[in-house]
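Peer 1: Sharing a structure with you now.
Read-outs throughout are calculated quantities, based only on the coordinates presented, and are distinct from any laboratory measurement. All values reported here derive from a predicted model rather than from experimental measurement. So basically every Cβ, Gly included, is an ideal-geometry build from the backbone, and we count neighbours across all protein chains shown.
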């Protein structure tokens, strides 16, 4: 078992590098690897346990969604929350109806089975969307919209799938029970996610540990607890962990970059294992029998159902034609539909093998075509931004022993408010001191006339009560995306003001120093 997991992870590294080189979504290669070592091809691993695949896939999705929430600031998500939720609810329903009618009329499928397949593939996949957006240059607002949609549309897809599956198995469904299921999924998911996320954020900031390990374990524990508790209560664990991640992200100060990088690594590991496992569940010899139906469903979903559903569900908000086309094209299907396709298998529904194979074919086609052309379509629609869709974290607070101070490390980027400013003009609190500045491979002694350049790593010793003030100086006002900030003039001597004559005529900053000096000289 350990050998198999180790080899899977090593293979995952190689496949990830291969995917980056040829601009192919990594999930496609992971699925392909699972199919290759499965019983139908090399026969190394025989796996057909749909129930186990559904459970393990759900846990992996929870970890991936939690990392996505941690990476997204609530201040950014709040401005596009309404259209995101419309896409996650109305959009899923419309997409399922349009695609179901298409399969009923064109493919001559039973209407109930057609709606079930359409509901299963009705939600976009957070793991696939997050992975693809990480390598794009979409505007941050548009990328956040797609992230929030993909993280919050699972409850509606689960609701539609569960109701239709019950209808096909029993021949009837109780409207009251169906409505209660929907309310529980959304309501409990939001409630538990907000409560535990805020509680976790407070605990993290109260924890005064000398190393980052307790912070890593605490955040992971909050995520898993949120998912498990919500699942037991009957809510959407997927929605809950994403909301909890959002709440923690807005409150997390200490070891922020370290925590995010840790969860990024954990999510990557689970993503590899999940897609390989789902690939093992597929029997490639059965796919040729659904090739025509799979291609037809995938084409209808990509070019008809998804674009039309996006257009109708975003009508109340101002989006350009190019933005709506981009949102429609970024409707990647991934692990969520495959996991949902295991529901009919686990329930023993007649024809469930056909449903699973069609869904897998749709997912593979969507990931390969849409995921592989996302950057090209963004360029064609002229929606590329100067900044990556998923910005790099530039702030890190590190506790300094048991003192009332933290060490902040900050990287000056293109969007940083400090870029081009002089240190003497930055209104740092009295309890904050610039300790060092690293530029490339050399250490620069910070002086009052030191001008910040892109790529500089700045180290500031700051008291706990001044963390928020310093953070705002480094990142700009909370809730204001960097690309939307406009330069403002300030009186001389304040941050943001033009360099004074004295500063302009001052000599360049010092070179390498054995012990970096602090303050003005």
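Peer 1: Multiply the residue gap between residue 79 and residue 376 by 0.36 nm, knock off their C-alpha separation, and tell me the result in nm, one decimal place. Could the numbers behind the result be given before it?
Peer 2: Numbers: separation 297, 0.36 × 297 = 106.92 nm, distance 2.69 nm.
Result for the pair: 104.2 nm of gain on full extension.
Peer 1: Roughly speaking, what is the centre-to-centre gap between segment 361-381 and segment 269-299 when only Cα atoms are used, to the nearest Å?
Peer 2: Measuring centre to centre over Cα atoms gives 17 Å.
Peer 1: Please work out the C-alpha center-to-center distance from segment 198-231 to segment 108-156 and express it in whole Å.
Peer 2: One Cα centre to the other: 28 Å.
Peer 1: Further question on the same structure: Does segment 239-282 come out rounded, prolate or oblate, given a ≥ b ≥ c as the square roots of the eigenvalues of its C-alpha gyration tensor, rounded meaning a/c under 1.5 and, failing that, prolate meaning a/b above b/c?
Peer 2: Details: a/c = 7.30, a/b = 2.04, b/c = 3.58.
Oblate shape, in that a/c is at least 1.5 and b/c is the bigger or equal ratio.
Peer 1: Please give the peptides 192-205, 332-345 ranked by average Cβ packing (other Cβ atoms within 10 Å per residue), highest first, as a rough proxy for protection.
Peer 2: Working: 192-205: 19.7, 332-345: 26.3.
So the order, starting with the most tightly packed, is 332-345, 192-205.
Peer 1: May I ask for the distance between the Cα centers of segment 301-359 and segment 234-253, given as a whole number of Å?
Peer 2: Going from one Cα centre to the other spans 24 Å.
Peer 1: Suppose R0 equals 35 Å. What FRET efficiency, 1/(1 + (r/R0)^6) with r the Cβ-Cβ distance, do residue 269 and residue 179 give to the nearest 0.05? Before the final figure, lay out each step's value.
Peer 2: On the way: r = 38 Å, r/R0 = 1.10.
That pair, residue 269 with residue 179, gives E of 0.35.
Peer 1: Using 0.36 nm per residue, how much length does the chain from residue 261 to residue 304 gain when fully extended, once their Cα-Cα distance is taken away? Each step should come with its number before you reach the end.
Peer 2: Working: separation 43, 0.36 × 43 = 15.48 nm, distance 3.80 nm.
Length difference between fully extended and current span is 11.7 nm.
Peer 1: How far, in nm, would the chain grow between residue 141 and residue 430 when pulled straight, counting 0.36 nm per residue and subtracting the alpha carbon separation? Each step should come with its number before you reach the end.
Peer 2: Values: separation 289, 0.36 × 289 = 104.04 nm, distance 3.56 nm.
Roughly 100.5 nm would be gained on extension.
Peer 1: Turning to a different aspect of this structure: Order of 66, 227 from fewest to most other C-beta atoms within 10 Å?
Peer 2: Details: 66 32, 227 29.
Ranking 66, 227 by Cβ neighbours within 10 Å, fewest first, gives 227, 66.
Peer 1: If you don't mind, there's one more thing I want to ask. Mind running the shape call on segment 28-137? Use the C-alpha gyration tensor, a ≥ b ≥ c as the square roots of the eigenvalues: rounded below 1.5 for a/c, prolate if a/b tops b/c, oblate otherwise.
Peer 2: Details: a/c = 2.24, a/b = 1.12, b/c = 2.00.
Oblate is the answer for segment 28-137, as a/c is 1.5 or above yet b/c matches or exceeds a/b.
Peer 1: Order these peptides, 108-117, 34-43, by their mean beta-carbon neighbour count within 10 angstrom, highest first.
Peer 2: Details: 108-117: 19.8, 34-43: 16.5.
Ranking the peptides 108-117, 34-43 by packing returns 108-117, 34-43.
Peer 1: List 324, 256 from most exposed to least, where exposure is judged by having the fewest other Cβ atoms within 10 Å. Write out the running numbers ahead of the final one.
Peer 2: Details: 324 17, 256 21.
Listing 324, 256 from fewest to most nearby Cβ atoms yields 324, 256.
Peer 1: If the viscosity is 0.890 mPa s and the temperature 25 °C, what Stokes-Einstein diffusion coefficient in µm²/s follows for segment 2-380 when Rh is the Kirkwood radius over Cα pairs? Could you put the intermediate results ahead of the total?
Peer 2: Numbers: Rh = 20.8 Å.
For the chosen part, D equals 118 µm²/s.
Peer 1: Please report 414, 318 as a ranked list, fewest other C-beta atoms within 10 angstrom at the top and most at the bottom. Can you show the working numbers first?
Peer 2: On the way: 414 11, 318 7.
Exposure proxy ranking, most exposed first: 318, 414.
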